[in-house]
């Protein structure tokens with residue numbers, strides 16, 4: 001609360017997580033703080049991630065024995081943005097691969113709070129019975145387990161009622177008899193014949209750590225590695241993991257599946273890639289119907305690749321990420337930039353129909369259509385500036401979309417007026433040569 005940027009703070013000590021999208025699982029040695037920052041205007045446009053990094057660095061210096069993890073909350077319940085699940089037939093090999101990958105991800109810049117879903121549990125004593133000896137002594141696992149549980153955990157099924165007050169009773173071994181390894185080995189279990197049998201006579205007691213969770217994927221042992229992306233896009237962190245695994249593949253029999261944000265990004269980017277291809281085809285078919293030609297619509301479509309150059313350059317210069325909204329901007333851009341080429345191609349066709357040679361028609365169309373191209377392109381680009389330069393709450397979601405459109409429009413303005421007439425000239429020149437060759441053959445014949 002001493003931080004000037006903090007507006008409200010809610011702390012939850014040892015109880016279930018209260019954050020958006022939490023699983024509601026309480027852990028006694030964990031404390032969670034839900035921090036709400038002041039409005040961006042009061043913070044002078046301080047980014048939430050910058051505040052998180054600064055806060056964690058200060059806390060780590062002051063409390064070096066505590067592990068801190070931070071994640072930004074949103075309106076939609078979300079899990080860790082980077083999530084990958086390793087699965088295979090051998091649990092030990094899966095766990096070993098998970099620990100190896102955890103160490104690798106921890107060293108990647110931007111990866112924070114790297115955790116495995118299955119970790120080593122607390123130390124415990126395991127009683128491993130010999131079935132042959134157990135049967136000879138008249139015991140079974142059920143009877144042995146009940147006796148061990150009652151001796152060391154206790155049985156509280158009974159209660160004592162005195163003067164109308166009910167008192168809970170727990171029956172178990174005295175504290176002196178349940179302290180160490182020898183106490184487990186020396187425990188006497190009465191078999192059905194009424195004879196006492198020590199645990200050491202039919203079982204081996206070992207100290208070990210068991211997994212905290214048994215996870216399965218496709219009926220095989222699995223472990224899920226999760227990480228937050230702090231200061232870098234989750235896709236960039238995932239790309240570094242993929243690059244590492246290409247050079248250092250996982251052991252044979254271990255498979256990896258992405259989840260959370262990475263899986264959603266792959267699915268949505270793939271779907272939007274299909275949308276881009278369909279929109280490209282539809283624009284071409286519409287112009288084929290309007291021009292009654294298969295060639296000139298193809299010439300007009302050359303304005304789209306040059307728009308993509310400006311779109312990605314604008315994203316780079318503005319330090320924006322290629323997000324879902326930026327891809328939507330690319331789809332919008334396909335329709336916006338094609339009109340520059342349509343203005344030139346359509347007017348050139350009209351001039352050719354009036355009797356001008358295609359070269360003269362292209363020069364005249366370029367001169368006379370420059371003004372409407374400038375007017376429409378600059379109007380749209382300037383109209384997008386308020387969205388591109390917005391600094392309000394959650395404005396970064398839409399900044400990328402605006403920069404994609406602005407960059408694409410400006411590069412299309414600069415390059416289309418040169419590229420499209422050149423392609424038109426090459427097409428008509430080629431058609432002229434083909435027609436000239438055909439006429440020569442007809443005369444010769």
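A quick yes/no check of all residues on (1) touching a helix residue (DSSP H, G or I) at 6+ places or on another chain (Cβ under 9 Å); (2) over 17 Å from residue 200 (Cβ atoms); (3) in a helix (DSSP H, G or I):
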site: 98; (1), (2), (3): no, yes, yes
site: 109; (1), (2), (3): yes, yes, no
site: 115; (1), (2), (3): yes, yes, no
site: 123; (1), (2), (3): no, yes, no
site: 126; (1), (2), (3): no, no, no
site: 142; (1), (2), (3): no, yes, yes
site: 148; (1), (2), (3): yes, no, yes
site: 166; (1), (2), (3): no, yes, no
Problem - Of all residues making up the range 168-195, the number that are surrounded by 10 or more Cβ atoms within 10 Å (Cβ to Cβ) and assigned to a strand (DSSP E or B) - result: 4
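Results for (1) within 24 Å of residue 363 (Cβ to Cβ); (2) in contact (Cβ under 8 Å) with a residue 12 or more places away in the chain; (3) under 37 Å from the mean Cα position of the chain (by Cα), shown as yes or no for each residue.
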{"residue": "291", "(1), (2), (3)": "yes, yes, no"}
{"residue": "297", "(1), (2), (3)": "yes, yes, no"}
{"residue": "302", "(1), (2), (3)": "yes, yes, yes"}
{"residue": "309", "(1), (2), (3)": "no, yes, yes"}
{"residue": "312", "(1), (2), (3)": "no, yes, yes"}
{"residue": "319", "(1), (2), (3)": "no, no, yes"}
{"residue": "323", "(1), (2), (3)": "no, yes, yes"}
{"residue": "341", "(1), (2), (3)": "yes, yes, no"}
{"residue": "345", "(1), (2), (3)": "yes, yes, no"}
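Residue-wise test of (1) surrounded by 19 or more Cβ atoms within 10 Å (Cβ to Cβ); (2) assigned by TED's automatic domain parsing to the domain that holds residue 37; (3) at pLDDT 85 or above; (4) on the phi > 0 side of the Ramachandran plot.
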site: 372; (1), (2), (3), (4): no, no, yes, no
site: 375; (1), (2), (3), (4): no, no, yes, no
site: 378; (1), (2), (3), (4): no, no, yes, no
site: 393; (1), (2), (3), (4): no, no, no, no
site: 416; (1), (2), (3), (4): yes, no, no, no
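Taking the stated definitions as given, is residue 150 without any contact (Cβ under 8 Å) to a residue 24 or more places away in the chain and surrounded by 13 or more Cβ atoms within 10 Å (Cβ to Cβ)?
Details: without any contact (Cβ under 8 Å) to a residue 24 or more places away in the chain: yes; surrounded by 13 or more Cβ atoms within 10 Å (Cβ to Cβ): yes.
Against the criterion (without any contact (Cβ under 8 Å) to a residue 24 or more places away in the chain and surrounded by 13 or more Cβ atoms within 10 Å (Cβ to Cβ)), residue 150 qualifies.
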Handout entry: The listed residue being closer than 17 Å to residue 302 by Cβ and at pLDDT below 85, out of 355, 366
Key = 366
Problem - Residue pairs meeting the criteria (Cβ under 8 Å; at least 6 apart or on separate chains; first modelled with pLDDT of 80 or more, in the range 118-129; second surrounded by 13 or more Cβ atoms within 10 Å (Cβ to Cβ) and part of a strand (DSSP E or B)) - result: 125/205; 126/205; 127/203; 127/205; 128/203; 128/205; 129/203
Completion exercise
Only unsatisfied item for residue 160, checking (1) touching a residue at least 60 places away in the same chain (Cβ under 8 Å); (2) more than 30 Å from residue 226 (Cα to Cα); (3) touching a strand residue (DSSP E or B) at 6+ places or on another chain (Cβ under 7 Å); (4) surrounded by fewer than 16 Cβ atoms within 10 Å (Cβ to Cβ), is (1)
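If you take just the helices (runs of 4 or more DSSP H) that sit entirely in the range 286-368, which of them hold at least 2 residues that are over 27 Å from residue 269 (Cα atoms)?
Qualifying helices (runs of 4 or more DSSP H): 296-300, 324-353, 358-368.
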Exercise for the section: From (1) touching a helix residue (DSSP H, G or I) at 6+ places or on another chain (Cβ under 6 Å); (2) surrounded by fewer than 17 Cβ atoms within 10 Å (Cβ to Cβ); (3) touching a residue at least 12 places away in the same chain (Cβ under 8 Å); (4) not assigned by TED's automatic domain parsing to the domain that holds residue 335, pick out the condition that doesn't hold for residue 255. Expected result: (1)
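The values are calculated or read from the model by the stated rules, or taken from the named source; none is laboratory data. Quantities reported herein were computed from a predicted structural model and do not represent experimental measurements. Reconstructed Cβ throughout: ideal geometry from the backbone, glycine too, with neighbour counts over all protein chains shown.
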